[in-house]
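Colleague: Just dropping this structure here.
Every number in this text was worked out from the coordinates using simple rules, so none of it is lab data. Everything numeric here is computed off the predicted structure, so don't read it as measured data. Reconstructed Cβ throughout: ideal geometry from the backbone, glycine too, with neighbour counts over all protein chains shown.
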Amino acid sequence: MQRREFSKQLAGAGLGLAVAGSARAQGGPVEGTHYVKLSTPLPLSLPADKKVEVVEFFSYGCPHCYNLEPLLEAWLKKLPPDVSFRAVPVGFSMQFQVLQKTFYALEEMGQLANMHRKVFAAIHGQGRRLTSESEVVAFMQSSGIDGAKFAEAYKSFGVSTKANRAKQLSEGYKIDGVPALGVQGRFYTAASLAGTHERALAVADFLIQRARNKT
């Protein structure tokens, strides 16, 4: 989903096959077609035991992010041990900013693993409107989360700081739509470039290897 409707993807079935054929003909994903290389590399945030950083830019409010989630979970299970992954919620709009702070508030409370899929399901499976702090607090309470503690975390300096850093990172990657995958502060790909979510993950695998080889 873009600021200007990111849901317009490159591929219908025929175009998707053409893109895949082009990649095979040239020995792999094509820069400028299936992924973008940043002109200025970004600083990394890597644990000491990791070599490659992958960042997923997403929003709970994005239906394409919701559709990607089960594919991403399966992909993460196969991720090499030297790769660090983190999800970064974007704040393209006021609604996305509410959901961005929701993600970080849950993280601050240690409830992210418990609630991550539930927030997606509430919006896209149950049709709940989580467009304001009060609506999110009510949802948290209905899900067994202490509403007062959530509201405190939501308004905290720590959450505001994380939201600001997420904004800086998404701007650094020049992300204008989600979901998107940033690799090593140097590349990004998305279904809008690769053709499908599955192909975007395959391109990310290619970029991880390229980052590991420092090419």
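Colleague: Taking the Cα atoms only, what angle lies between the long axis of helix 63-77 and the longest principal axis of the chain, rounded to 10 degrees?
Modeller: 70
Colleague: Under 11 Å from a point 7 Å along the Cα-to-Cβ line of residue 46: which residues of the range 79-95 have their amide N that close?
Modeller: Flagged as within label range: 82-84.
Colleague: For the charge dipole of the range 49-212, defined by +1 on Lys and Arg C-beta atoms and -1 on Asp and Glu C-beta atoms about the Cα centroid, which residue among 92, 123, 190 has the Cα displaced farthest towards the positive pole?
Modeller: 190
Colleague: Right, next: Going by average Cβ density within 10 Å per residue, which order do the peptides 161-168, 192-199, 115-122 take, highest to lowest?
Modeller: Ranking, from highest mean packing down: 192-199, 115-122, 161-168.
Colleague: Considering Cα pairs under 8 angstrom that are at least six residues apart, work out the relative contact order of the chain and quote it in whole percent.
Modeller: Numbers: 302 pairs, mean separation 77.9, N = 215.
The normalised contact order for the chain reaches 36 percent.
Colleague: Oh, and also: How far, in nm, would the chain grow between residue 152 and residue 39 when pulled straight, counting 0.36 nm per residue and subtracting the alpha carbon separation?
Modeller: 36.7 nm
Colleague: Before rounding to the nearest 500, sum -39500 (n - 2.57) across all DSSP H runs of length at least 4 in the chain and divide by the residue total; then give [θ] at 222 nm in deg cm²/dmol.
Modeller: -16000 deg cm²/dmol
Colleague: Projecting each Cα onto the charge dipole of the chain (Lys/Arg +1, Asp/Glu -1 at the beta carbon, about the Cα centre), which of 65, 42, 164 comes out farthest on the positive side?
Modeller: Positive-most Cα among the choices belongs to 42.
Colleague: While we're here: Can you run the Rg to Rh ratio on the chain? Use alpha carbon positions and the Kirkwood inverse-distance Rh. Spell out each step's value before the answer.
Modeller: Details: Rg = 17.6 Å, Rh = 17.9 Å.
My calculation puts Rg/Rh at 0.98.
Colleague: Let me ask something else. Please compute the net charge surrounding residue 173, taking Lys and Arg as +1 and Asp and Glu as -1 over other residues with Cβ under 12 Å from its Cβ.
Modeller: 0
Colleague: Compute the angle between helix 133-142 and the longest alpha-carbon principal axis of the chain, please, reported from 0 to 90 degrees and rounded to the nearest 10.
Modeller: 80
Colleague: With charges set only on the Cβ (+1 for Lys and Arg, -1 for Asp and Glu), what does the dipole of the chain come to about its Cα centre, in debye to the nearest 20?
Modeller: That gives a dipole near 400 debye.
Colleague: For the chain: lysine pairs with Cα atoms under 15 Å, gap of 8 or more or different chains, count?
Modeller: Step by step, the pairs that qualify in the chain add up to 8.
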